[in-house]
Every structure is written in C-alpha cells, then in structure tokens.
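The next block holds one structure in the form of structure tokens; read it before the comments.
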Amino acid sequence: LLARNGYHPIVLERGPALADRVAAVQKFEQTGALDPNANIQFGEGGAGTFSDGKLNTGTKNPAHRLILETFVEAGAPRDILWDAKPHIGSDILPKVVTAISQRIEQLGGVVRYRTKLVDIHIDASGAITGIDVQSSQDAACEPIETKHLILACGHSARDIFELLKDHNVALAQKTFAMGV
C-alpha cells in the first residue's frame, strides 16, 4: 500500500528471498544443517509459506478487502474474495509472496534480504528517529534515519519483542494475521 501510494518503503527481511529459503529448508530436511535465518520460520513469506496459507482476518476490518485483492493481483485464486474462509495453498503462496515483493520494487520500494533489525532509536519524546540494521554479509551495523517503522515480524522473532520491551514500546494485537 505504501509503494502504491508513491512512498518508497524499505522492507527488511531477516531471511533470504524465497528461492534461497526453499533451498535452505530442503538442505535442512536432507542433512539436518539448520540456517537460523533461512528456515521454516524465517525468510521471505514467513512461516505461512510452508504452512498451507490459511488467511485469518476479521471481516469488519476495513483492510480486509484490500488485503485479499492484493493477493489476487499477485496470483492468488479469485475465490478468496468471496470465500468465508479464504485459503491460498502452499503450492500457490510462494508465487504470490514473490510477486508482492517484486511489485514493491517495481513501484520504487526496496526489499533487503538477510537484513536484521538490531536497534531502534527513540528520542526523549518517544518518537522514532532511526533504526540500526545488520546484513548477514556484514558485521557492522548500518543506521537508517526514519520517523516511521512498521513491524511485521511474526511470532518467532523473539529478539524483536525483547528489543521492543527494552525500549518500553507498547504492543497491541491486531485483527489480521498472515505469514508474509
């Protein structure tokens, strides 16, 4: 939605792009070698990519229709628009997730894979002034100035919840959950 409206969001994904993630999961299944940032939980598409893509949303949520339409535009079946319990199978969901990432980039956004949020800078008034990120290819942290931050980290990014707790950030449950 940000990219569609002319903003240029930076999407940080702690894991790899989907193709590399699938390879890491297959390697784990064959050898037991676990990449802690490229597995069933972490990487493009989140945990939902490997869990058969059930979508849960409150139908009274104003974003409900937009979310489903976005999935359809990215290749999901049209029946999710009217199905009472919409579902995108794990055979289709990876293509949909990849298409969404590509669309963000086509609209001027940036998707940075294997990049982890490591700190949030908050001023005395409680406003965000920036973040620090770390690429898996670089030990040094990179500062990014920003006044806005949307976290869609899923439930397995426990370090992010610890980071938020350390900064006394209040958390609230939202009505829509998906593995993206």
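The values are calculated or read from the model by the stated rules, or taken from the named source; none is laboratory data. Since the structure is predicted, the reported quantities are computational estimates derived from the model, not experimental observations. Cβ sites come from the backbone with ideal geometry, for glycine too, and all protein chains shown count toward neighbours. Surface accessibility is based on the protein's heavy atoms, side chains included, excluding ligands, DNA and RNA. Shrake-Rupley method; radii C 1.70, N 1.55, O 1.52, S 1.80 Å.
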Where the second residue is of a type outside the set (A, V, I, L, M) and assigned to a helix (DSSP H, G or I) and the first is open to solvent by 40 Å² or more (accessible area, probe 1.4 Å) and lies in segment 61-75, which pairs have Cβ atoms under 7 Å and are six or more apart or on separate chains? 75/95
Which condition number in (1) open to solvent by less than 50 Å² (accessible area, probe 1.4 Å); (2) in contact with a helix residue (DSSP H, G or I) (Cβ under 9 Å, 6 or more places away or on another chain); (3) of a type outside the set (S, T, N, Q); (4) modelled with pLDDT under 95 is the one that residue 114 fails? (1)
Quick one: in segment 7-16, which of the residues that are over 11 Å from the mean Cα position of the chain (by Cα) and part of a loop (DSSP other than H, G, I, E, B) is farthest from residue 50 (Cα to Cα)? 7
May I ask you to list the residues in segment 25-46 that are surrounded by 18 or more Cβ atoms within 10 Å (Cβ to Cβ) and in contact with a Lys or Arg (Cβ under 7 Å, 6 or more places away or on another chain)? 37, 38, 42, 43, 44
Would you please list the contacts, defined by Cβ atoms under 7 Å and residues six or more apart or on different chains, that run from a residue in segment 158-171 that is more than 15 Å from residue 118 (Cβ to Cβ) to a residue that is open to solvent by less than 100 Å² (accessible area, probe 1.4 Å) and of a type outside the set (Asp, Glu)? 171/164
Kindly list the number of the only condition in (1) at pLDDT below 95; (2) under 22 Å from residue 40 (Cβ atoms); (3) open to solvent by less than 40 Å² (accessible area, probe 1.4 Å); (4) not charged (D, E, K, R) that fails for residue 99. (1)
Which numbered condition residue 49 fails, given (1) open to solvent by less than 50 Å² (accessible area, probe 1.4 Å); (2) polar (S, T, N, Q); (3) farther than 29 Å from residue 165 by Cα: (3)
Just one of the numbered conditions (1) exposed (fewer than 12 other Cβ atoms within 10 Å of the Cβ); (2) in contact with a Phe, Trp or Tyr (Cβ under 7 Å, 6 or more places away or on another chain) is not true of residue 137; which one? (2)
Restricting attention to segment 76-95, and to residues there that are without any contact (Cβ under 8 Å) to a residue 40 or more places away in the chain and open to solvent by less than 40 Å² (accessible area, probe 1.4 Å), which single residue is nearest to residue 64 (Cα to Cα)? 81
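Scan 14, 103, 21 and give me the residue that is without any contact (Cβ under 8 Å) to a residue 60 or more places away in the chain, closer than 28 Å to residue 141 by Cα and among the basic types (Lys, Arg).
21
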